[in-house]
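Data first, discussion second: the structure below is written as structure tokens.
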Amino acid sequence: MAPTITRIESTEFGFPLEDVGTDENGFNLVYRPGATTERKLFGLRVHTDAGVTGEYVGGNSPGMAELNMIADYLIGKNPLHREKHWSEMKRALRKYDRMGIGPLDIALWDFAGKYHDAPIHDLLGTYRERFPAYASTFHGDENGGLDSPAAFADFAETCLDMGYPAYKIHGWGGGEGSRDLGREIEAVRAVGERVGDEMDLMHDPACELETFADALKLGRALDEQGFFWYEDPYRDGGISQHAHRKLRQHLDTPILQTEHVRGLEPHTDFVAAEATDFVRADPEYDGGITGAMKIARVAEGFGLDCEFHAPGPAQRQCIAATRNTNYYEMALVHPEAENPVPPVYADGYADRLDSVDGEGCVSVPDGPGLGVTYDWDYIEEHRTGSVHVYD
């Protein structure tokens, strides 16, 4: 008898980030000694009559709001019919950003792996089980952490000594600092001169630069230092195909775009318009593992590489099943502060600065489904509201 979804539960919870605050505008996380910031995530459980539960912890408030529109659709449905459900949920959320699909789809994949007693990468088709990571920094701060070009270079050297083969700068932002292009360029030069011969280097201004001209100036500094890629530079928000095609025409450093466009078709259009060199995908943002893998296959068809955004067990499962990808993003790392990742794993799984081996690599979890065991006691103890139930 085919399995059936009987109940879906969504639990919001919070956890503290010590010595972490925000920048002047209150958006970017930065090192701030003595400060404590609470981050909120969601624990999602998809219960079935097969006695197997699909789980995922992550998400965000806008995405979970969309859950109210689509979760009831899944009740009574076969959890293995992911392609059908993905298509229906995509249509239902056509007027919105569709970020509510990701957590549900990942939980359905976790169910499938547990149901078949296999890790998700086995179901997708395994290509590798171990892969290199890059150290992806916090944004620059003014508080004694990553507060100067020399500090970014020192931390790059630390990461190199730990085994990391690659390093990505998230520069300054959130106020007057975002307009200090000279300091941004000096950080590029300091890091390039210190470790550029030994590491692949990336730069992600996170759309902080205010003009195309600033993006061009910083890009030319990346060219001088031989950077591996240039990501989301300026205030178009990372979504203009025309703008990034023009930027590509003036620079040697490859562009990495599409983190901020949602869905398979906009990603495909970005590539077809020659507006990016590397393609970005995220199983949480891009319609789950189903959606992220579609993007990876489109990139493969165009002969391009797909780089998965952010760390997590879903990202590891995708990378393990993708040939055309280079690095796992260990984010966000800092010499003085812990990564903003939730302490919700009861089995030793971690995404922290020291989670790589001596060669800067991580491995894909090999247990059924996502391959991790969530600490639901911790999630319940740190619950911030009522559990939303769909049945």
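The values are calculated or read from the model by the stated rules, or taken from the named source; none is laboratory data. As the structure is a prediction and not an experimental result, all values here were calculated from the model. Quick reminder, even Gly has a Cβ in these numbers, built from the backbone with ideal geometry, and neighbours come from all protein chains shown. Quick note on the areas: whole protein, heavy atoms, side chains included, nothing else; ligands and nucleic acids left out. Shrake-Rupley method; radii C 1.70, N 1.55, O 1.52, S 1.80 Å.
What the table below lists for this structure:
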quantity	calculated
Accessible area of segment 128-247 belonging to carbon and sulfur atoms, whole % at 1.4 Å probe	44
Accessible surface of segment 1-50 [probe 1.4 Å, protein heavy atoms]: carbon and sulfur percent	46
For the chain, size of Cβ-based charge dipole, Lys and Arg +1, Asp and Glu -1, in debye	1660
Per residue accessible area of the chain, 1.4 Å probe, in Å²	38
Dipole magnitude (debye, nearest 20) for segment 1-158, charges at Cβ of Lys, Arg, Asp, Glu	1000
Shape category assigned to segment 302-378 from the gyration tensor of Cα positions, a/c cut at 1.5	oblate
Taking N as its residue count, the alpha carbon Rg of segment 229-331 over 2.2 N^0.38 Å	0.98
Debye, to nearest 20: dipole size of segment 99-138, +1 on Lys, Arg Cβ, -1 on Asp, Glu Cβ	140
Charge-dipole axis of the chain as Lys and Arg at +1 and Asp and Glu at -1 on Cβ define it, positive-most pick from V195, S355, H250	H250
Paramagnetic label zone (point 7 Å from Cα along Cα-to-C-beta, R91; backbone N under 12 Å) in segment 274-306	none
Value of relative contact order over segment 78-153, rounded to a whole percent, pairs C-alpha under 8 Å and six or more apart	20
Among 337-349, 312-324, the order from most to least packed when residues are scored by Cβ within 10 Å on average	312-324, 337-349
Listed residues T22, P33, L80: farthest to the positive end of the dipole of segment 20-121 (Cβ charges)	L80
Filtered trypsin sites (Lys or Arg not before Pro), segment 45-137: DSSP coil and at most 11 other beta carbons within 10 Å	R94, K95
Rounded percent of accessible protein surface that carbon and sulfur make up, segment 325-389, 1.4 Å probe	43
Choice from L256, L104, L124 with maximal GNM fluctuation in the chain (Cα, 10 Å cutoff)	L124
For the chain: relative contact order, % (alpha-carbon pairs under 8 angstrom, 6 or more apart)	22
Sparsely packed chymotrypsin sites (Phe, Trp or Tyr not before Pro) within segment 217-252, loop by DSSP, other Cβ within 10 Å at most 11	none
Value at 222 nm in deg cm²/dmol, rounded to 500, when DSSP H runs of n ≥ 4 in the chain each add -39,500 (n - 2.57)	-10500 deg cm²/dmol
GNM flexibility winner over the chain from D377, D122, D105 (Cα, springs under 10 Å)	D377
Descending semi-axes in Å of segment 1-125, equivalent ellipsoid built from Cα gyration tensor	32, 17, 13
Listed residue (L370, H47, A221) projecting farthest to the positive dipole end of the chain, Cβ model	H47
